[in-house]
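Here the structure is laid out as structure tokens; the discussion comes afterwards.
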Amino acid sequence: MPATVTLAGLGKTFGPTAALTDVTATVEAGQITGLVGPDGAGKTTLLRLIAGLLMPDAGTLQVLGHEATDRDAVRGDIGYMPQRFGLYEDLTVQENLELQADLHDLDGAARGERFATLLQFTGLAPFTGRLAGQLSGGMKQKLGLACALLPRPKLLLLDEPSAGVDPASRRELWRIVRTMAGTGIAIVWSTAYLDEAERCDSFLLLDRGHLLASGSPSDFTRRLEGRTFLVELPERQRHRIQRTAAALPSVADATIQGRSLRLVLKEGGVLPDLDDLVGSDATARPTRPRFEDAFVSLLQADRPPVAAPPPQEAITRSTDGMAIEARDLTRDFGRFRAVDRVSFTVRPGEIFGLLGPNGAGKSTTFRMLCGLLVPSAGSAHVAGVDLGRARATARERIGYMSQKFSLYGNLSVRDNLDFFSGVYGLAGRRRSSRIAWTMESFDLGAVANLEAGTLPLGFKQRLALGCALLHEPQVLFLDEPTSGVDPLMRREFWSRIGGLAEGGVTVLVTSHFMEEAEYCDRLGIVYAGKMIASGSPDALKQRFVTAELPEPTLEDAFVGLIREHDAGQRGVAAA
């Protein structure tokens, strides 16, 4: 059987920029092909070429047996779900489906049958009358997927359908799509989540428009067998040990995994002296290589290494007592209670991760602690200040980095630093010294005069974090800070955060990346407006160890905790 999609020497440019260069690959029917790579790798361009929305500038492209110039012949056989799928938020679920059915010219009998099947399949049947704008992130993605499946496509193109979606909702999306693949549909799933690549039947790995690797995920990771180890870490100095290990000549990668250090050795490399690295009695336990291990090893070979950040100085003195304290924190929106009596504390110098499904109340809790939202009840103390009484004082002690780049894109890097130092009330010699410290610490000198909006994502991230630290805050709030960056940049970011925590800065972070949640000292799981669990990453995982699952992942624990809570609520209701 011929391949559903065949690419040979495919190229696409936009002005002077080469988005794709010499890409050769195939997509097979009945398989999920993972299109993997960071932002700017060329994933969306490739999907739009396959969908017929763009024409190639070089090479050949065949889709369902037709050339790129004859795409109208197969347009009805392609389902395409772009990023931020174009749902009409002021229309209901049912009305969005009706609109898409009109666009595909589905008759009354066909649309009725398809609506019933897809609504049941995606679990949206109880919500047909709800406005799309009132759906959670995961439910919006399910509705977008249902719309893309309406014409019964032979080829389904999904552009980062799980971006910004919590792990529980991601698993549900995967269940739906895996079932569709079983019917013979060819599916291309674009993703920046490397754990998702392992679930695919095959993968295409793009970086800066080039195809670096392709094939079976298991074959890709198999070459690292015998080179991946876990070493237990002491409670303190985890981040210092990780930085030291990452710089060793025999080590390809070193990351924190709860209370363990995950080591990936270079080909032919030997384990470092663990007594010198960690301390006496340390042992290395072999562990299964992950797709991310192989991805990082390949990226490091393909580009110059990311410079390790300099050790961070202690930029603040810790407060007495708790750095963050939430007491029965509650927030109502009309009759809807988004956060219901959430309580927790964070110690000075601790990295605390706030996790939860979309719509669970995590972001609302985060915004109340930042001083961006007033609680309906309860109290929040940050850096020793009661936010209910002295919010302006608290903000002077808080640094905030939003999920989306929120600096001024038409100002240069230097102008952004100058502007935000003024906003934070810095003046004179201190203002100059803090700008100089930021430029040096985040290696921004080479881009100082470039407009911030034109920077690569990694430099935007450095600039945003630098601006958040200008005034030497005692508490740093990070809202999904590494969304879209490649694993090497994510490691650089967390190396900096670890250094800040060692210097006494308290960090509260939200994330949907379970791998980076492992860097946190403790985690809090928010669900249905409540804090349903808290503890170290290892403690949460340990709760779900079974004979069938001897080494549960953090995602396993996350999903398990939600299921336990739901089961408990059903038991209460039955009683």
- Could you please find all residues in the range 103-132 being over 25 Å from Thr183 (Cβ atoms) and either of a type in the set (A, V, I, L, M) or touching a Lys or Arg at 6+ places or on another chain (Cβ under 9 Å) (or both)? Leu131, Ala132
- Message: Given the criteria without any contact (Cβ under 8 Å) to a residue 60 or more places away in the chain and closer than 25 Å to Thr506 by Cα, does Gly388 qualify?
- Response: yes
- Scan (1) in contact (Cβ under 8 Å) with a residue 40 or more places away in the chain; (2) touching a Pro at 6+ places or on another chain (Cβ under 7 Å) for the single condition Ser250 breaks and write down its number. (1)
- Message: Pairs needed: first member in the range 525-543, within 18 Å of Gln569 (Cβ to Cβ); second member anywhere, assigned to a loop (DSSP other than H, G, I, E, B) and aliphatic (A, V, I, L, M); C-beta distance under 8 Å; at least 6 residues apart or different chains.
- Response: Val526/Ala360; Tyr527/Ala360; Ala528/Ala360; Gly529/Ala360
- Task: Check whether at least one residue in the range 494-502 is part of a helix (DSSP H, G or I) and of a type in the set (Phe, Trp, Tyr), and report yes or no.
- Result: yes
- Can you tell me which residue in the range 535-558 is surrounded by the most Cβ atoms within 10 Å (Cβ to Cβ), limited to those that are acidic (Asp, Glu) and more than 16 Å from Thr287 (Cβ to Cβ)? Glu555
- Would you mind listing the helices (runs of 4 or more DSSP H) fully within the range 141-235 where at least 3 residues are surrounded by fewer than 19 Cβ atoms within 10 Å (Cβ to Cβ)? 167-181, 217-222
- Out of the range 100-139, which residues are over 29 Å from Val74 (Cβ atoms), in a loop (DSSP other than H, G, I, E, B) and touching a residue at least 40 places away in the same chain (Cβ under 8 Å)? Gly123, Leu135, Ser136
- Would a scan of the range 385-400 turn up a residue that is of a type in the set (Phe, Trp, Tyr) and over 28 Å from the mean Cα position of the chain (by Cα)? no
- Message: Condition first: over 16 Å from the mean Cα position of the chain (by Cα) and either surrounded by fewer than 23 Cβ atoms within 10 Å (Cβ to Cβ) or closer than 26 Å to Thr191 by Cβ (or both). Can you find one or more residues in the range 474-494 that meet it?
- Response: no
- Within the range 207-227, track down each residue that is of a type in the set (Lys, Arg) and under 24 Å from Thr45 (Cα atoms). Arg208
- Message: Criterion first (touching a helix residue (DSSP H, G or I) at 6+ places or on another chain (Cβ under 8 Å), part of a strand (DSSP E or B), of a type in the set (Val, Ile, Thr) and closer than 30 Å to Gly42 by Cβ) does Val264 satisfy it?
- Response: yes
- Query: So is Ile532 surrounded by 21 or more Cβ atoms within 10 Å (Cβ to Cβ), in contact with a helix residue (DSSP H, G or I) (Cβ under 9 Å, 6 or more places away or on another chain) and farther than 30 Å from Leu298 by Cα or not?
  - Reply: no
- Query: What do you reckon, is Glu551 of a type in the set (D, E, K, R) and in a loop (DSSP other than H, G, I, E, B)?
  - Reply: yes
- Note: among Gly76, Gly65, Gly112, just one is over 19 Å from Ala29 (Cα atoms), surrounded by fewer than 19 Cβ atoms within 10 Å (Cβ to Cβ) and small (Gly, Ala, Ser), namely Gly112
- Message: Taking the criterion of being in contact with a Phe, Trp or Tyr (Cβ under 6 Å, 6 or more places away or on another chain) and not hydroxyl-bearing (Ser, Thr, Tyr), would at least one residue in the range 418-436 satisfy it?
- Response: no
- Task: Tell me the strands (runs of 3 or more DSSP E) entirely within the range 16-99 that contain at least 2 residues that are aliphatic (A, V, I, L, M), modelled with pLDDT of 95 or more and touching a Ser or Thr at 6+ places or on another chain (Cβ under 6 Å).
- Result: 17-27
- How many of the residues making up the range 503-538 are in contact with a His (Cβ under 6 Å, 6 or more places away or on another chain) and either assigned to a helix (DSSP H, G or I) or within 19 Å of Ile398 (Cβ to Cβ) (or both)? 0
- Task: Look through the range 391-423, keep the residues that are in contact (Cβ under 8 Å) with a residue 40 or more places away in the chain and of a type in the set (Val, Ile, Thr), and return whichever of them is surrounded by the fewest Cβ atoms within 10 Å (Cβ to Cβ).
- Result: Ile398
- Item | Leading residue by the ranking (modelled with the lowest pLDDT) among those in the range 347-399 that are hydroxyl-bearing (Ser, Thr, Tyr) and within 30 Å of Arg170 (Cα to Cα) | Ser363
- Positions within the range 175-196 being under 16 Å from the mean Cα position of the chain (by Cα) and modelled with pLDDT of 90 or more, in sequence order: Trp189, Ser190
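The values are calculated or read from the model by the stated rules, or taken from the named source; none is laboratory data. Remember, predicted model here, so these are calculated numbers, not experimental data. As a convention, Cβ positions derive from the backbone with ideal geometry for all residues, glycine included, and neighbour counts pool all protein chains shown.
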